[in-house]
1. Largest first and in whole Å, give the semi-axes of the protein assembly as shown's equivalent ellipsoid, each being the square root of 5 times a Cα gyration tensor eigenvalue.
2. Between residue A:11 and residue B:2, what FRET efficiency comes out of the Förster formula 1/(1 + (r/R0)^6) with R0 = 22 Å and r the beta carbon distance, rounded to 0.05?
3. Just to confirm the numbers: residue C:162, label point 7 angstrom along the Cα-Cβ line, distances to the other copies in nm, shortest first?
4. Viscosity 1.567 mPa s, temperature 4 °C: give me the Stokes-Einstein translational D for region D:107-234 in µm²/s, with Rh taken as the Kirkwood radius over C-alpha pairs.
5. Averaged over every viewing direction, what's the projected area of the C-alpha convex hull for region D:82-167? Give it in nm², one decimal, please.
6. With runs of 4+ DSSP H residues as the only contributors, calculate the mean residue ellipticity of chain C at 222 nm using -39,500 (n - 2.57) per run, divided by the residue total and rounded to the nearest 500.
7. Output the peptides D:150-158, A:229-237 sorted from most to least packed, where packing is the average of other Cβ atoms within 10 Å over each peptide's residues.
8. Gap in Å between the Cα centre of region A:214-237 and the Cα centre of region D:250-285?
């Protein structure tokens, strides 16, 4: 069996669900999960549909062409995902371990359906042993402030050689160039250690302590040109008190960060994230 | 514009979404929200679909007949809701006020879409002023342990006179007869002051304190013959510590109870609750 | 029995707990609850202590003097609260009802220990019936943009006549003058409908929808000269999805706002809130 | 500097805080954190106090004797913890990895203050590589149903050789003998994969799915003779929907389990857990 997922957004219009489900039915597909909503306020039609069909029946080009025709007549845009191979992921990291381990362990426990972590890339030379433990290649790409382009060139080569589809910044502490971001739209996920848009920028836990907030958070988002401004995929929070010093906020934050980043990666891998303007629509049931 | 909602459950089978959305499309309907999921483990097909159409186009009998035919050919059972009048609700209560006020205030703020609280019924004579404040009739039906049947007879008459569709037990402390429960299947909602199935029975907050749990809860469920065993519609919890004495648990519990009961009533009014065997499937986006 | 509460903050120094608890013991007090913490990072000593004693034993002036002397020798500042009469509260409101009702109901259910809501003040003439239902005086003080001083003069008179200790802005939509704020330090509580410091300013739910956050919040804080910048007393959050339109965020927000505001008022009434610099320390067990 | 912690419980009585803090002050200690509460309903006095003092000043025997005398005159019982060496922990496990990794990673990140994981013990021969990665000895002790005593004998020897203070059952799937449990009172922590007391016994996630609960939980508790009935140290919950099949509940549950178990272990290591009758009082700020 093969599985196919489509994400659709457009101006609301009558008949799209009927036309799509009819197309799927005529192509011998069985809808596994459908999630559609029309926003009254924005007038947007938003949908995710997932179906299965016999692999030998699947006619990729025919399906794409039929959807293309349908999209033209109903004026919708779509993203189609045919699950014929797992999404290949690169974990980029610096010194911090918790998010990297969390994702590697989920892979080991079989939680990362539809995806495979293919390699680790770091600007620090300290990940070899972790790579060995999880049987993964580790690429050490130091970033010389005087030659950021050289580092980026090497990073791009590695991504190409490894056939990477998704970059996960698991507390990677270097800034990416606008060109790199532009070449990987909605394919770079970052974890920010605050409840965005509160506490943008550096040292958010110090900011949180100083402001005396009662709740801290973490935010996973797609990376865009503007720092900390990309579409938010997932967020979560936890309560804190005055007994939590900054070191405790950092510790509590680590738990949030790994949970939120892992959930965001899972949502992306299951094609549950649709970007509309600068926000996401997450079809998470 | 009229709005129509359908809830469907059956053995999973190819083509149901296509057939249904086609039927809606041919009847000039516009799907507003669709939520379908096939359970791999149970093999169940579960769906809620909601659509709008011009009121003058709506052919009630034709629609029912068409769905009946479709249901027969695909072997599905369905519940159809045509929103031509609000669901009429009776609040049954005893002495406790918080759940009653919560629902009445939501009605006043326009939150109870698709429903209207029509009356208050209590075994205690203390609700007149509340009824006046919210412009609602109040029925005082004392329950004499020696003549429970007489009280029930009166309750049934009031429900009939007021044209009630849904009974909400807002901390009503009398037990209903099996006959009454049988006559109102999935139309009586109760709020239980614990995280069921923990702490069934009386005085759950005392039980919780004694057991030293770190989290307490509340559960809204449809009433069935077995006490505290009906299908769960909604639940929520809150943290507690040893500084919370039983009186504090009761206070914290009140906040939970009114939130959980109000959410359960809203879910019911929006036809988001499908009962399968003795559990509910809640299509809450 | 009388109850006394003290809040202390100072540079950390050995012997304060011993000296204070000895003072209490020698004055025949029984400590009911003590909560002390020394912040390693800031070097601050923070404490709340609550004790009971026979009313006829309580020597107010002597106690104040003894604490004053102790404070001098240990270089600590303190706030002392002798619970001989309930804190008198004025609810200021505009059009929105949910926070007002929530507090009034809690009073009715006996939850507002140590406080009493004494009156309602609004710039809109729509609260008479609510006042009657809860047996409270209602003051209608319209605010003419051309004569804000006149309105403030009237507000000050009412606060004085009613002997008000605490002003609760229960969604009061007028801005207070810097003079009024200065005269009521840490005695005006406001509820802001966002998770501060995210979404300061107007229409936070619209901002939240546009930014696509997955969690919305509410914040109760003391009012200071800077809008939305006062010390935060309490915050809470709830999850949202794309199915929540702005109208749903408003509805979900209402539930948060009343919960958060009521908790903040209760914490204030129980003298659990200590302000240090521009943040609060909340001794909430 | 040395740190000392005391946990006290007794019938409430005037003067205990004064006497204890005076004793600490006279012995040159500086109180870092004090948390005391008298339960009105039960009449219990409950306290945790933590202080620091110059190591060369600390007179262990003198301190114990002084506290013993004080305890006798005030009729209180206490537990004293002098942090002169880390609590030594053994992780017992079977096949499941998530809880084990979680604790090992926290140790690596320096989160396990006051404790050190000394070894891994399992009835399965599959932990060598994990032990090597984290530089820990691994003991494989198979449990032959026909000779449980032999296995227990070996387990006891290892605990003795390793100087273990605390056994953490990180999803260890064998039942302990009553003798072993009796010899390790409040020194064995187990993680149960449900919100106890709901769903005791086997396969709680299947039970949860069948009952249709909207929230699942996990519970860490001290092990006592009665299965799943020991004093609860920590609990937490997460929301689930019909889209979560049992396999998803297991996955969501894993996240809960490791969080809850790790928090429980940290609370124990910081001497924040006092057992009173069959419940715990957790002084967690």
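Bear in mind these aren't lab numbers, they're just calculated from the coordinates by the rules spelled out. None of the values given here were measured: they were computed from a predicted structure. Methodologically, a virtual Cβ is constructed for each residue, glycine included, from the backbone with ideal geometry; neighbour enumeration extends over all protein chains shown.
1. Values: eigenvalues 437, 340, 197 Å².
One finds semi-axes of 47, 41, 31 Å for the protein assembly as shown.
2. Once the sixth-power term is evaluated, E becomes 0.45.
3. In ascending order, 3.4, 6.4, 6.5 nm.
4. Values: Rh = 16.3 Å.
D = 79 µm²/s.
5. 5.9 nm²
6. -10500 deg cm²/dmol
7. On the way: D:150-158: 15.4, A:229-237: 22.8.
Most protected by this proxy first, the peptides run A:229-237, D:150-158.
8. 29 Å
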